[in-house]
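J.: Structure incoming, see below.
FYI, it's all coordinate maths here, none of it is from the lab. Please read all numbers here as calculations on a predicted model, not as lab measurements. With ideal geometry, Cβ positions are generated from the backbone for all residues, glycine too; neighbour counts draw on all protein chains shown.
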Amino acid sequence: MKKLNSKGLTIVEILICFVLVALITVSVYSSISTFNNKKNVESYKEKIYTYKNTLTKIIQDDLIKNGLIRASYDLTTDSNNIEIYTINLSFRDGTSKSLIIKRRLAMDFNEAQENKEGVKKDDYFMIEYDQIEYPLPDFGEYQNDRGETIKDLRINNIIVSTNSNVLTVYIGLYHPDLSTRYGISLVCPINSF
């Protein structure tokens with residue numbers, strides 16, 4: 001009868017076990033990381049949709065229910081270099097409300113423009129309706145080469161028009177990790193009630 005080797009595990013067998021455990025750990029980690037990234041993107045999309053839908057409903061309800069009879073808008077820039085779009089709305093019931101969109105863009109790393117004043121300017125975004133502020137959801141931020149704070153979710157374009165007695169407002173939202181551009185869109189006839 002032949003005796004079995006009773007010396008235990010060899011160094012080669014132990015190394016093979018460690019390599020296998022390391023490979024399994026790396027593959028599980030990458031799967032979990034991919035899942036978390038997808039979960040974050042879906043969470044961002046859900047927050048943007050909720051923000052967009054809530055704000056649109058509040059404003060659009062006023063426009064339709066109260067009957068928009070007059071709309072005017074103005075674009076100014078304040079001393080902090082913030083663009084201020086002020087949309088004044090007058091309703092059939094005699095009330096007036098304002099939609100104010102404030103935006104200051106820091107220079108993104110893609111922008112080749114030079115800041116002539118040499119002053120750092122962080123991103124700033126705010127939407128205000130009927131004296132209530134609706135800040136954009138916070139998805140994080142980073143610093144550009146100049147030390148300016150750049151928000152991950154930005155208002156990248158604003159379009160306001162009152163042509164043909166129709167108020168049109170578009171507030172474009174952009175996030176670099178999301179493949180789709182999002183926006184708040186308001187359309188209402190002026191004085192058609």
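J.: Quick one: what are the phi-derived ³J(HN,Hα) couplings along the stretch 126-132, Karplus 6.51/-1.76/1.60 with θ = phi - 60°, whole Hz, x for glycine and proline?
T.: My calculation for the stretch 126-132 gives 7, 10, 10, 9, 6, 6, 10 Hz in order.
J.: Remind me, relative contact order of the chain in percent, using alpha carbon pairs under 8 angstrom and six or more residues apart? If you can, show how the numbers build up before the last one.
T.: Working: 290 pairs, mean separation 31.5, N = 193.
Computed value for the chain: 16 percent relative contact order.
J.: Going down the table (52/151; 47/151; 102/151; 65/97; 52/121), which pairs top 24 Å between alpha carbons? Before the final figure, lay out each step's value.
T.: Details: 52/151 18 Å; 47/151 15 Å; 102/151 14 Å; 65/97 14 Å; 52/121 26 Å.
Beyond 24 Å: 52/121.
J.: Less than 17 Å from a label point 7 Å out along the Cα-to-Cβ axis of residue 88: which backbone N atoms in the stretch 36-80 qualify, by residue?
T.: Once the point is set 7 Å along Cα→Cβ of residue 88, 68-77 turn out to lie under 17 Å by backbone N, inside the stretch 36-80.
J.: Computed FRET efficiency, Cβ-Cβ of residue 81 and residue 156, R0 25 Å: what is it to the nearest 0.05? Can you show the working numbers first?
T.: On the way: r = 17 Å, r/R0 = 0.67.
Working from the Cβ atoms, E equals 0.90.
J.: Once label points are set 7 Å from the Cα along Cα→Cβ at both residue 131 and residue 72, what is their separation, rounded to one decimal in nm?
T.: 2.1
J.: Okay, next question. Rank these for me by crowding, 64, 100, going from fewest to most other beta carbons within 10 Å.
T.: Numbers: 64 12, 100 16.
Starting with the residue having the fewest Cβ neighbours, the order is 64, 100.
J.: As a test of the definition: which semi-axes, in Å, follow for the chain when you take the square root of five times each eigenvalue of its alpha carbon gyration tensor? Largest first, please. If you can, show how the numbers build up before the last one.
T.: Values: eigenvalues 612, 102, 25 Å².
Over the Cα atoms of the chain, the semi-axes work out to 55, 23, 11 Å.
J.: Another question, if that's okay. Quote to one decimal, in nm, the extra length available between residue 26 and residue 61 on full extension: 0.36 nm per residue of separation minus the C-alpha distance between them. List each step's numbers first, then the result.
T.: Working: separation 35, 0.36 × 35 = 12.60 nm, distance 5.18 nm.
Result for the pair: 7.4 nm of gain on full extension.
J.: Taking the chain as the reference, fit the longest principal axis to its C-alpha atoms, fit the long axis of helix 11-65 to the helix C-alpha atoms, and give the angle between the two in degrees, 0 to 90, nearest 10.
T.: On a 0 to 90 degree scale, this one is about 10.
J.: At most 14 other Cβ atoms within 10 Å plus a DSSP loop assignment makes a site exposed; report the longest stretch of the chain without any exposed GluC sites (Glu not before Pro).
T.: Working: sites that count: 111, 114, 117.
Longest gap between qualifying sites, sites excluded: 1-110.
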